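Notes to accompany the following structure.
Every number here is computed from the coordinates shown, using simple stated rules; none is lab data. Just so it is clear, the model here is predicted, and its values are computed rather than measured. Note that each Cβ is placed from the backbone with ideal geometry, even for glycine, and that neighbours are counted across all protein chains shown.
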Amino acid sequence: MAKSVWSVPKGQEPTEMDKKILAAQRAGHMVPSRRLIKNAEQIEGIKRSGLINTAVLDMVAKEIKEGMSTAALDKLIYDFTVSHGAIPAPLNYEGFPCSSCISIDDVVCHGIPSEKTILKPGDIVNVDVSTILDGYYSDASRMFVIGETTEEKQRLVDVTKECLNIGIDAAKPYSYVGDIGFAVQCHAQLNGYSVVRELCGHGVGLEFHEEPEVAHYGKPKTGMLLVPGMVFTIEPMINMGRREVHFSREDGWTVTTRDGLPSAQWEHTLLMTEEGVEIITY
């Protein structure tokens, strides 16, 4: 039985939202706490953060090129973010040394920018940026292809974007996190790919990482109920080969595919509304 976390304040009549959440809770489903439901002021703050976060990735799209080091790209991200009055959320987060995660080919995520890592033709590159503005967080990543790549790697990039969009389509008001994961997993596997299970999307907005954990695999009608006012990411990591990954013991951050085959990822931050999801940053 799911833990009882939702109640109606004493002296208040239950709203329609209260009734739906309480019904799900009584049925044994996981439901959010009230602190995960953002108010209008918080939503506006997260949206302002998201505007800068999207602008950062737009800048990356213009500047990323063959021969550039990932450290040089990270410096551009830092300078752009700070010049807009914001802070790169990854910088010094639990000791992370840079302003972004830049992950190439078989690096699944959390690639640490370096002067020694030079972008070369055929690379598929995930650039993951997160922004803090006035205490509000936003988070997104995109894939970039350096020059022309192989048909196999381009297809992986494209199908991973499809997985993100299919996951977004599955996120309906009062649906469940598991509905997202099931949709993503089905599309990835239909295309002969595997889904990384050790890492997931997450709530975001007042902190960098909040509940719920948004797995990109699973079963329908499982996981937390998705309620209007919740803000969360969907960020599928899709492997060309097997799903197993390796966590670096050397730097404590870099995650790579165990079989050495490429991986791709796209990420949006989303706001759940009564009408459906709204994209906050992409």
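For residue 244 and residue 207 in one chain, what is 0.36 nm times their gap in residues minus the Cα-Cα distance, to one decimal in nm?
10.5 nm
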- Note on the structure: Phi-derived 3J(HN,Hα) across the range 206-221 with the Karplus relation (6.51, -1.76, 1.60, θ = phi - 60°), rounded Hz, x for Gly and Pro, is 8, 9, 5, 10, 10, 6, x, 6, 10, 6, 9, 8, x, 10, x, 6
- Message: Please list, in order, the residues from the range 225-239 whose amide nitrogen is less than 15 Å from a point placed 7 Å along the Cα→Cβ vector of residue 274.
- Response: 227-230
- Query: residue 38: which lysines have alpha carbons under 30 Å from its alpha carbon, excluding same-chain residues fewer than 8 sequence positions away?
  - Reply: 3, 10, 19, 20, 47, 161, 172, 219, 221
- Message: Given the range 172-253, report the % of alpha carbon pairs whose separation exceeds 19 Å.
- Response: 42
- Sequence-distant or interchain residues sharing an amide H contact under 5 Å with residue 210, placed H: which? 203, 204
- Message: Quick check: the distance between the Cα centres of the range 1-41 and the range 47-71, to the nearest angstrom?
- Response: 38
- Expected max-MSF residue from 117, 257, 81 in the GNM of the chain (alpha carbon, under 10 Å) is 117
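Using Cα pairs under 8 angstrom and six or more residues apart, how large is the relative contact order of the range 146-258, in percent?
Working: 215 pairs, mean separation 31.8, N = 113.
Relative CO of the range 146-258 lands at 28 percent.
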- If you put +1 on each Lys and Arg Cβ and -1 on each Asp and Glu Cβ, how big is the dipole of the range 33-139 around its Cα centre, in Debye rounded to 20? 300
- Of all GluC sites (Glu not before Pro) in the range 181-269, the ones in DSSP coil with at most 10 other Cβ atoms within 10 Å are 250
- With R₀ set to 35 angstrom, the calculated FRET efficiency between the beta-carbons of residue 44 and residue 145, to the nearest 0.05, is 0.50
- Message: Going Cα to Cα from residue 65, which lysines come in below 20 Å? Please leave out same-chain ones fewer than 8 positions away.
- Response: 75, 116, 120, 153
- Prolate/oblate/rounded call for the range 33-281, Cα gyration tensor, a/c under 1.5 rounded: oblate
- Query: Using a Förster distance of 22 Å, how high is the FRET efficiency between residue 34 and residue 169, based on the Cβ-Cβ distance and rounded to 0.05?
  - Reply: 0.20
- Phi to ³J(HN,Hα) by Karplus 6.51 cos²θ - 1.76 cosθ + 1.60 over the range 234-241, Hz, x for Gly, Pro: 10, 8, x, 9, 10, 9, 5, x
